[in-house]
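Student: Pasting a structure here, questions to come.
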Amino acid sequence: MTSSVEAQAGEDASTGRFPGWWVVVGCFVVLMVNSGLAFYGLAVYLNAFSNERGWSLGSISFGVTVFFVVGGVAGLWVARLIAAYDARYVIMGGGVVAGASLALLGQVQTQWQLFVVYAVFALGYAGAGLVSTTTIVTRWFHQKRAVALSVASTGLSAGGIIITPFVKRFIDEDGLAATTPWLGLLFVIGVVPITWFLVKPDPIAAGWSPDGARRTVGQAIDALPGVSFEEAVQTRFYKAITIGYVLSLGSQVGGIQQLVKLVEGRTDPSTARFAVMALAATSVIARLIGGRAVQVIEMAKLTVVLAAMQCVALIALAFATSTPLIFMSIILFGLTIGNLLMLQPLLLAERFGVADYPKIYSRSQFIGIFGLAGGPLLLGWLYDVSGSYRLPYSVAGGLCVIGVAFLAAAGPATVADDE
């Protein structure tokens, strides 16, 4: 059986070009749709529920907390599924579930319904999210992993540029109830066919070795490089990186989710439409540069610098009131967010290899839900208490500073831990 599979794989590889970069394109599109309609879209839905239903930001933000908690837990399940089955089915299933729940979002009339819909939405978001796509990319690329991941994960920012501003415009004009069914359909169309035709789960099954080397008939299949999950989670590096990301990503996501409301309150709704676009556009540019930068700069040091810049941006947003200062702060924020998110899987893959990468990354992401879920809830509650965004964004900046300290304590990603 093994020899026949290898023979077929070798035949497939000999008849075409290396499909790895098409896999990257497919993952780019999946993440673009996922982020534009989910990650960045949550800020638009939060603002719409506040305006249309009159619900407090604290209660709506709890819905975002539910979303990220369920998504983080589901990521552990997703890691097991993609290790055992064709990852395309997991991504496509996630696209269908997310699309169906998004279509129902506009029909929500009570807060408990919002929490239920967000919980189901999160299951789809996790299936078509970073655990699946980054695992696939790390399988296809080892030497060129940083560039490949930077291109694929740029889809996250592209979603904020291409999709989210139009989502806000249509919701502002037609309301949630009329708009979300079409958004749900867009989610399914943007994920399912793209995944089926472009994404291939594993290079060996397609007759290739990572980075584009052809496999020959009968060539032995090398064991995937890397340390075990049990060994990885005991290291100082893993613990420090994970805690640092809890705080840095928690403050980041909290800031992103409240950004539309902040800009709209200090300027006007038309200007607020461009807040996420400016944030994501800056992130795209910075991420593409970052994919090259990690090849010459030690990535752990780069992570610390970017996290420190994020701290400055959050504190600047707390006090900026004029439109130019607000957008300068947003641009600084955008320079950091894309690369920080990209660097987490890169750091873990660089340090621990790809053998147990799905379990290692999904566990780190699971622990990260304390930040991803708590950040939006904390900032929303602080806004309800204080009546302005000065206190929430100042607290977010302070938490980010603590995160920087943990990231700095992790040490380099390329040196073995002594523990």
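The values are calculated or read from the model by the stated rules, or taken from the named source; none is laboratory data. These numbers were taken from a predicted model, which means no experiment stands behind them. Reconstructed Cβ throughout: ideal geometry from the backbone, glycine too, with neighbour counts over all protein chains shown. When the accessible area is computed, the model is the full protein with side chains, heavy atoms only, and any ligands, DNA or RNA have been set aside. Shrake-Rupley method; radii C 1.70, N 1.55, O 1.52, S 1.80 Å.
Student: Assign one of three labels to the stretch 261-419, namely rounded, prolate or oblate, based on the Cα gyration tensor with a ≥ b ≥ c the square roots of its eigenvalues; rounded applies when a/c is under 1.5, prolate when it is not and a/b is larger than b/c, and oblate otherwise.
Tutor: Because a/c hits 1.5 or more and a/b exceeds b/c, the stretch 261-419 counts as prolate.
Student: Turning to a different aspect of this structure: Normalised by the residues of the chain, what does the relative contact order come to in percent, with Cα pairs under 8 Å and at least six apart?
Tutor: For the chain, the relative contact order is 27 percent.
Student: Please report how far the C-alpha centroid of the stretch 133-160 lies from that of the stretch 82-103, rounded to the nearest whole angstrom.
Tutor: What the calculation gives is 19 Å, centre to centre.
Student: Considering the Cα trace of the stretch 221-296, what is its radius of gyration and what is Dmax, both in angstroms?
Tutor: 18.9, 59
Student: Enumerate by residue number the GluC sites (Glu not before Pro) in the stretch 227-323 meeting two conditions: DSSP loop (anything except H, G, I, E, B), and at most 16 other Cβ atoms within 10 Å of the site's Cβ.
Tutor: Answer in residue order: 298.
Student: Putting +1 on Lys and Arg Cβ atoms and -1 on Asp and Glu Cβ atoms, find which of 191, 93, 41 reaches farthest to the positive end of the dipole of the chain.
Tutor: Checked the options; the winner is 41.
Student: Please work through the chain and write down the cysteines that have no neighbouring cysteine Cβ at a distance under 4.7 Å.
Tutor: Among the cysteines of the chain, those whose Cβ sits 4.7 Å or more from every other are 27.
Student: Which whole-number value in Å² is the accessible area per residue of the chain, probe 1.4 Å? Intermediate results must be reported in sequence, preceding the final value.
Tutor: On the way: 16070 Å² over 419 residues.
Accessible surface, normalised per residue, equals 38 Å².
Student: Hey, what do the phi angles of the stretch 131-147 turn into as Karplus ³J(HN,Hα) couplings, whole Hz, using 6.51/-1.76/1.60 and θ = phi - 60°, x for Gly and Pro?
Tutor: 4, 5, 5, 5, 4, 4, 5, 5, 6, 7, 9, 10, 5, 9, 4, 4, 5
Student: Here is a further query. Compute the angle between helix 176-198 and the longest alpha-carbon principal axis of the chain, please, reported from 0 to 90 degrees and rounded to the nearest 10.
Tutor: Once rounded, one gets 10 degrees.
Student: Please work out the Cα center distance from the stretch 239-273 to the stretch 276-295, rounded to the nearest Å.
Tutor: Between the Cα centres of the stretch 239-273 and the stretch 276-295 lies a distance of 17 Å.
Student: Here's a follow-up. Leaving out ligands, DNA and RNA, what percent of the accessible area of the chain is carbon and sulfur, probe 1.4 Å?
Tutor: In the chain, the share of accessible area belonging to carbon and sulfur is 67 percent.
Student: Helix 390-409 sits at what angle to the longest principal axis of the chain, using alpha carbons and giving 0 to 90 degrees rounded to 10?
Tutor: The helix 390-409 is inclined about 30 degrees to the chain.
Student: Given the convex hull of the Cα atoms of the stretch 199-330, what is a quarter of its surface area in nm²? Before the final figure, lay out each step's value.
Tutor: Values: hull surface 46.7 nm².
The orientation-averaged projected area of the Cα hull of the stretch 199-330 comes to 11.7 nm².
Student: Could I ask something else about it? Which whole-number percentage describes the relative contact order of the stretch 290-370, with Cα contacts under 8 Å and a sequence gap of 6 or more?
Tutor: 28 percent
Student: Let me ask something else about it. Taking θ as phi - 60°, what are the ³J(HN,Hα) couplings along the stretch 230-246 by the Karplus curve (6.51, -1.76, 1.60), each to the nearest whole Hz, with x for Gly and Pro?
Tutor: Residue by residue, the stretch 230-246 yields 4, 6, 4, 6, 8, 7, 4, 4, 4, 5, 5, 5, 5, 5, x, 6, 4 Hz.
Student: Also: 222 nm [θ] for the chain, helices only, -39500 (n - 2.57) per DSSP H run of 4+, per residue, to 500?
Tutor: On the way: 19 runs with 327 residues, N = 419.
Per the formula, -26000 deg cm²/dmol.
Student: Let me ask you something else. Can you tell me the mean projection area, over all orientations, of the convex hull of the stretch 293-363's alpha carbons? Units nm², please.
Tutor: Details: hull surface 22.4 nm².
Its Cα hull, projected and averaged over all orientations, spans 5.6 nm².
Student: Okay, next question. Could you work out the percent of alpha carbon pairs in the stretch 99-217 separated by over 16 Å, rounded to a whole number?
Tutor: Tail fraction, whole percent: 70.
Student: Just to be sure I understand the model, the point goes 7 Å from the Cα along the line to the Cβ. What's the resulting residue 76 to residue 205 distance in nm?
Tutor: With each label point 7 Å from Cα toward Cβ, the separation is 2.5 nm.
Student: Let me ask another. Angle between the Cα long axis of helix 164-174 and the longest principal axis of the chain, 0 to 90 degrees, nearest 10?
Tutor: Helix 164-174 sits roughly 40 degrees off the main axis of the chain.
Student: Name the residue from 158, 132, 324 whose Cα lies farthest towards the positive end of the charge dipole of the chain, charges +1 on Cβ of Lys and Arg and -1 on Cβ of Asp and Glu.
Tutor: In the chain, that residue is 324.
Student: Under the Kirkwood approximation for Rh and a Cα-based Rg, what ratio Rg/Rh is obtained for the chain?
Tutor: 0.97
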